[in-house]
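In what follows, a structure is listed as structure tokens, so that the remarks can point back to it.
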């Protein structure tokens, strides 16, 4: 009898333990506590933009075909289309686009997120960026989809903003799991920016037709514009800089944008919105986001 009772007790304990572990495995990942939620949610604005620009540029379609569930019924992007790219660059851009799909999924596995905001990825939107960068209208209007060099220059505009945003976000996070996620996102964003800069650096002396301006000068103008719109000093550098501004004050080549100690610059959400909206004011939507960004942080500026 004692043996039977012992056997029953042991069996009961095993069943209880098994049930406990099943419950643990079935429990979804808990959302991090605020303010981590807001800080993790905000980058979705840029991740949506990057995903759509890279997917359309390489495939001619975006999230609504590749991963419709991630768009959450948000507005289709305006003006995005297939770019005229060579085999190598098309392959690279497709990889970037698929990486952004992964980023969206990773962030949304941690926070609720929001539907894709309305994005203006038209040639007119990018053309306005270039006009602002040069301080005059370019003729003909800059079209990012017209050829490979134009598309690479347009791509130069985007991932670096996300890179600086993740650098700025990481020290503000409270939880180790949040920091791990952002570190993983930052690593890939930095890689994308490095690849784009390397492709352009190889062509830095090439004249961008029909504008009569070198690739290096285009990147310098874009970086100066982002510094001006961000309105917090030097946080952006083109492919060629004065020697004293280069690494250790010894080179003018600037394959990566970094400070005097070769550390990445950081930006706040407000700075990022000033740049993405195109007007230097985080309270006034425009540019790539006609209706503004989404999430608590972006909406808080729109409501003030």
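With helices as the sole contributors, the chain gives -17500 deg cm²/dmol at 222 nm; each DSSP H run of n ≥ 4 counts as -39500 (n - 2.57), and the sum is divided by every residue.
For the peptides 263-271, 286-294, 44-52, what is the packing order when you average, over each peptide's residues, the other Cβ atoms within 10 Å and list the highest mean first? Walk me through the numbers before you get to the answer.
Values: 263-271: 18.9, 286-294: 20.4, 44-52: 25.9.
The densest-packed peptide leads the list: 44-52, 286-294, 263-271.
The angle separating the long axis of helix 123-134 from the principal Cα axis of greatest extent in the chain is about 60 degrees.
A Gaussian network model of the chain, with springs between Cα atoms under 10 Å, assigns the largest mean-square fluctuation among 43, 76, 117 to 76. Among 87-100, 119-132, sorting by the average number of other beta carbon atoms lying within 10 angstrom of each residue, highest first, gives 119-132, 87-100. Working from Cα pairs under 8 Å separated by at least six residues, relative contact order for segment 166-228 is 19 percent.
According to the calculation over all Cα-Cα pairs in segment 56-113, the P(r) per 5 Å bin from zero is 4, 17, 26, 24, 16, 9, 3, 1 %.
Would you work out the relative contact order for the chain, in percent, from Cα pairs under 8 angstrom that are 6 or more residues apart?
Values: 467 pairs, mean separation 51.6, N = 304.
Taking the mean separation of contacting Cα pairs over the length of the chain, I get 17 percent.
Distance between the 7 Å Cα→Cβ label points at residue 59 and residue 172: 3.2 nm. Going through [x] 23.6, 72; [y] 22.5, 68; [z] 22.9, 97, the figure that equals Rg and Dmax of the Cα atoms in Å as computed for the structure here is [z]. May I ask for the angle, rounded to the nearest 10°, between helix 44-59 and the longest principal axis of the chain, with both axes built from Cα atoms and the value confined to 0 to 90°? Helix 44-59 and the main axis of the chain meet at about 70 degrees. Computed from Cα atoms, the angle from the helix 215-230 axis to the main principal axis of the chain rounds to 60 degrees.
Pairs of Cα atoms under 8 Å, at least six residues apart: use those to get the relative contact order of segment 80-186, whole percent. Please list the in-between numbers first.
On the way: 65 pairs, mean separation 31.5, N = 107.
So the answer I get is 29 percent.
Read the figures in this text as sums done on the coordinates, not as results from a lab. From a predicted model like this one, the values you see are computed outputs, not experimental measurements. Virtual Cβ from ideal backbone geometry, glycine too; neighbours counted across all protein chains shown.
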